[in-house]
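These notes concern the structure reproduced below.
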Amino acid sequence: MSFETRVIEVIQRTPDVKSIRFEKPQGFSYIAGQYVVLTLGNSSTQMKKPFTLSSSPTEGFLEITKKLTGHPFSNALADLMPGDRVSINGPYGEFTFQKEYNNIGMLSGGIGITPLRSMIKYSIDKKLSANIVLLYSNSSESDIAFRNELEDVQRKNPNIKIIDTITRPGMDWKGVTGRINSEMIKRFIPDYQERTFFTCGPLKMVDSMVSLLSELEMPKEQIKRESFPGEN
Ligand SMILES: Cc1cc2nc3c(=O)[nH]c(=O)nc-3n(C[C@H](O)[C@H](O)[C@H](O)COP(=O)(O)OP(=O)(O)OC[C@H]3O[C@@H](n4cnc5c(N)ncnc54)[C@H](O)[C@@H]3O)c2cc1C
């Protein structure tokens, strides 16, 4: 279904990540983790791209969160201002969470956090009992999107644990370093076999996460994946 909506807020999340919030159109409903196709420009310069809703269905607005690349679509999106009109199609996708799983592992890289942020927020707002462990990999500390929010979530919810890992750490970084590997999964998610995994990020990263989980003998049915082609 196609919907017209208006920008209500633009939030700079990291130096090169922006969230754009839109009015939630009447009649639009979605499941945490789903995406929309966003159309920008007028009829002669129209551009369309898919974006996960980083908002949760429990929130009163729609939000997408974009890694800025300096390319034409990205620039047009980065220039959006409150009041601007756009159209969205959707929702689409089966990388979703309602309340089907009680024990969840999440493996994410970079902007792949968007559907996972939606699911975590949904689980908290709905007061679900889901136990979630998120391993979130970024190049540098300043690339961690939703950092304050996720730290706050972890403080207030004993059943949600978030571990950031940084691949190019600065001198001040005291946390985990390196790409997500099987040792990290075993260390931070020792009961991984009892969990359903959601992994999202650039295609290569997601392929490698699925391989890791397969090497750990996780059944295919316990691995849900979403990848963003074009990201690296
Ligand atoms: C289901 C789904 C959900 C998604 N959700 C999100 C999300 O939540 N947030 C998000 O940021 N993205 C998301 N994406 C990805 C998004 O749709 C875009 O593909 C992405 O943001 C890049 O768009 P862009 O216009 O900035 O870059 P593009 O111009 O599409 O460039 C993407 C890549 O291609 C390379 N490239 C571009 N043109 C050329 C060329 N001529 N020759 C060689 N290489 C080239 C660039 O270097 C870059 O690495 C999602 C994708 C899918 C499929």
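Counted as qualifying within region 80-139 are the strands (runs of 3 or more DSSP E) with 2 or more residues that are under 13 Å from the mean Cα position of the chain (by Cα), namely 103-109, 131-138.
With the requirement that a residue be within 17 Å of Val206 (Cβ to Cβ) and either away from the ligand (no atom under 14 Å from the Cβ) or acidic (Asp, Glu) (or both), what does region 80-96 give you? Across region 80-96, the qualifying residue is only Glu94. Residue count for region 101-132 under the criterion of being more than 16 Å from the ligand (Cβ to nearest atom), open to solvent by 10 Å² or more (accessible area, probe 1.4 Å), modelled with pLDDT of 95 or more and farther than 21 Å from Lys24 by Cβ: the result is 6.
For Gln34, the stated conditions do not hold, so it cannot be described as open to solvent by 70 Å² or more (accessible area, probe 1.4 Å) and either touching a helix residue (DSSP H, G or I) at 6+ places or on another chain (Cβ under 8 Å) or not assigned by TED's automatic domain parsing to the domain that holds Glu194 (or both). Of all residues in region 92-112, at least one satisfies being in contact with a strand residue (DSSP E or B) (Cβ under 7 Å, 6 or more places away or on another chain) and more than 30 Å from Pro158 (Cα to Cα).
Scanning region 211-232 for residues that are within 16 Å of the ligand (Cβ to nearest atom) and either more than 23 Å from Ile64 (Cβ to Cβ) or part of a loop (DSSP other than H, G, I, E, B) (or both) yields Pro229, Gly230, Glu231, Asn232. Using the structure shown, decide if Ile189 is in contact with a strand residue (DSSP E or B) (Cβ under 7 Å, 6 or more places away or on another chain), surrounded by 19 or more Cβ atoms within 10 Å (Cβ to Cβ) and within 26 Å of Pro15 (Cβ to Cβ). No: the conditions fail for Ile189. Restricting to region 30-48, and then to whatever is closer than 12 Å to Ala76 by Cα and not in a loop (DSSP other than H, G, I, E, B), can you tell me which residue is farthest from the ligand (Cβ to nearest atom)? In this case the residue turns out to be Thr39. Restricted to region 60-79, and to residues there that are assigned to a loop (DSSP other than H, G, I, E, B) and near the ligand (Cβ under 10 Å from one of its atoms), the residue that is surrounded by the most Cβ atoms within 10 Å (Cβ to Cβ) is Leu68. Among the residues making up region 13-29, those that are open to solvent by 40 Å² or more (accessible area, probe 1.4 Å) and either part of a loop (DSSP other than H, G, I, E, B) or within 14 Å of the ligand (Cβ to nearest atom) (or both) are Arg13, Pro15, Asp16, Arg21, Lys24, Gln26, Gly27, Ser29. Picking from residues in region 202-232 that are acidic (Asp, Glu) and within 17 Å of Leu116 (Cβ to Cβ), the one that is surrounded by the fewest Cβ atoms within 10 Å (Cβ to Cβ) is Glu231. Restricting region 40-59 to residues that are more than 24 Å from Arg225 (Cβ to Cβ) and open to solvent by 70 Å² or more (accessible area, probe 1.4 Å), which is modelled with the highest pLDDT? Among those that are more than 24 Å from Arg225 (Cβ to Cβ) and open to solvent by 70 Å² or more (accessible area, probe 1.4 Å), it is Gln46. With the condition kept exactly as written, say whether any residue in region 160-168 is farther than 16 Å from Ser19 by Cα, charged (D, E, K, R) and either within 15 Å of the ligand (Cβ to nearest atom) or part of a helix (DSSP H, G or I) (or both). No: zero hits. When Thr199, Thr167 are screened for being surrounded by fewer than 22 Cβ atoms within 10 Å (Cβ to Cβ) and on the phi < 0 side of the Ramachandran plot, only Thr167 passes.
The values are calculated or read from the model by the stated rules, or taken from the named source; none is laboratory data. Worth saying up front: this structure is predicted, and the values here are computed from it rather than measured. Glycine also receives a Cβ, built like all others from the backbone with ideal geometry; neighbour counts cover every protein chain displayed. SASA here: full protein model, heavy atoms, side chains in, ligands and nucleic acids out. Shrake-Rupley method; radii C 1.70, N 1.55, O 1.52, S 1.80 Å.
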